[in-house]
1. For Glu147 and Lys193, what is the calculated FRET efficiency with R₀ set at 22 Å and r taken between the beta-carbons, to the nearest 0.05?
2. Considering amide H positions built from the backbone, and no H for Pro or chain starts, which residues 5 or more places from Lys229, or on another chain, come under 5 Å of its amide H?
3. Share of antiparallel DSSP beta bridges in the chain, in percent to the nearest 5?
4. Read phi for every residue in region 291-300 and hand back ³J(HN,Hα) as whole Hz from Karplus 6.51 cos²θ - 1.76 cosθ + 1.60, θ = phi - 60°, with x for Gly and Pro.
5. Given 0.36 nm per residue, what is the gain on full extension from Glu331 to Trp290 after removing their alpha carbon distance, in nm?
6. For Cα pairs less than 8 Å apart in space and 6+ apart in sequence, what is the mean separation divided by the residue count of region 214-370, i.e. the relative contact order in percent?
7. Does a label point 7 Å from the Cα of Thr239, set along Cα-to-beta-carbon, have any residues of region 293-335 with amide nitrogen under 14 Å, and which are they?
8. If you average the sequence gap of Cα pairs under 8 Å that are 6 or more apart and divide by the length of region 84-236, what percent do you get for the contact order?
Amino acid sequence: MKEKKDTRVVVGMSGGVDSSVTALLLKQQGYDVVGVFMKNWDDTDEFGVCTATDDFNDVVRVCNQLDIPYYAVNFEKQYWDKVFTYFLDEYKAGRTPNPDVMCNKEIKFHAFLEHALSLGADYLATGHYARVRKIGDQYEMLRGVDENKDQTYFLNQLSQDVLAKVLFPLGDLPKKEVREIAKQHNLATATKKDSTGICFIGERNFKDFLSQYLPAQPGRMQTLNGVVKGQHDGLMYYTIGQRQGLGIGGAGEPWFVVGKNVEDNILYVEQGFHNDCLYSDGLIATNLNWVSNQPLTEEVKCTAKFRYRQKDSGVTVRPTGDDKVTVVFDEAERAITPGQAVVFYQGDVCLGGGTIDEIIKNQKPLHYVG
């Protein structure tokens, strides 16, 4: 087995505090650390300023502080082909995609991992809040100890081959401690604000951004009984359970999006946060990945998340096809959204996940969702 000083770890550095501390910790542990900045999107703004340039400058500052080499790699084409095209296709289909999951699967832990290995890396490390545990010949992916920062939801598509080559040094740390470590070592990114939202949209208005790539098709906004309540701006701008931006006034409880009819371009709305139309008792998921690499062959009881930072919900998962499972909820769930990820857990162990394809109510697909 190699000594740490002879073990090369490529750190995916974003210019943020998490990846900066990741590089610092690995350097302190004695590894041969190399920082690599990924450019996935041409985000030049209307003034010709590219925010990625600022982020790369922060990477340079931190790498110089740590006395480690650094590089930049451009994955814009791969990102467009594998992530952004998928993002647009899902919106065209009336669904709400999760590009972070796809980015991790196709770019960070596929294209980028291959690039790291080509640089002679033994491991790729990132600033994700997750943990890897080896038991015999198998690798398990566990939640990060900081419940508020755990990112296994976005990592549900990782495989055994990937986990064998990945380090998550922040998995055992609370975010607060990560900030403190950065401050103690005067890292250039110690007080930098965390980035939020979808990377290629950034601080821009979501509607304005999406309209540059997909033509908006306004249509009817109505109740399930056919009462017209107004006009929507385009189905792609709305998601199940959404309250904001409907423009429906009047007395009574607020209105919420409960479904979409893509074929007829209708947005369905109903009144009340707890309206029965927002609740379902199951779903069908596809595009499955089991972290163990062992497909599900029999029914299993576990917990699931249907969105990030949601509390776990009890479910029963039943295999119903080659790449399909039916998930039955212990209790009715609100605003389950096609296109989003469903991720399965046994305690702290992330079993894997898939894409929510259909919503089930009373053992039938909901005809007004999707």
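1. Working: r = 21 Å, r/R0 = 0.97.
Approximately 0.55, to the nearest 0.05.
2. It is Met221, Gln222, Thr223, by chain and number.
3. Values: 55 of 72 bridges.
Around 75 percent of the beta bridges assigned by DSSP in the chain are antiparallel ones.
4. With the stated coefficients, region 291-300 comes to 4, 6, 6, 9, x, 5, 10, 9, 4, 9 Hz.
5. Once the chain is fully extended between Glu331 and Trp290, it gains 12.3 nm.
6. On the way: 345 pairs, mean separation 34.9, N = 157.
Relative contact order, region 214-370: 22 percent.
7. Within reach of a label on Thr239, which here means backbone N under 14 Å from a point 7 Å along Cα→Cβ, region 293-335 contributes 306-310, 335.
8. Working: 177 pairs, mean separation 30.3, N = 153.
Reported as a whole number, the value is 20 percent.
The values are calculated or read from the model by the stated rules, or taken from the named source; none is laboratory data. Bear in mind the structure is a predicted one, so any value in this text is a computation, not a measurement. So basically every Cβ, Gly included, is an ideal-geometry build from the backbone, and we count neighbours across all protein chains shown. Keep in mind that these areas ignore ligands, DNA and RNA; they rest on the heavy atoms of the full protein, side chains included. Shrake-Rupley method; radii C 1.70, N 1.55, O 1.52, S 1.80 Å.
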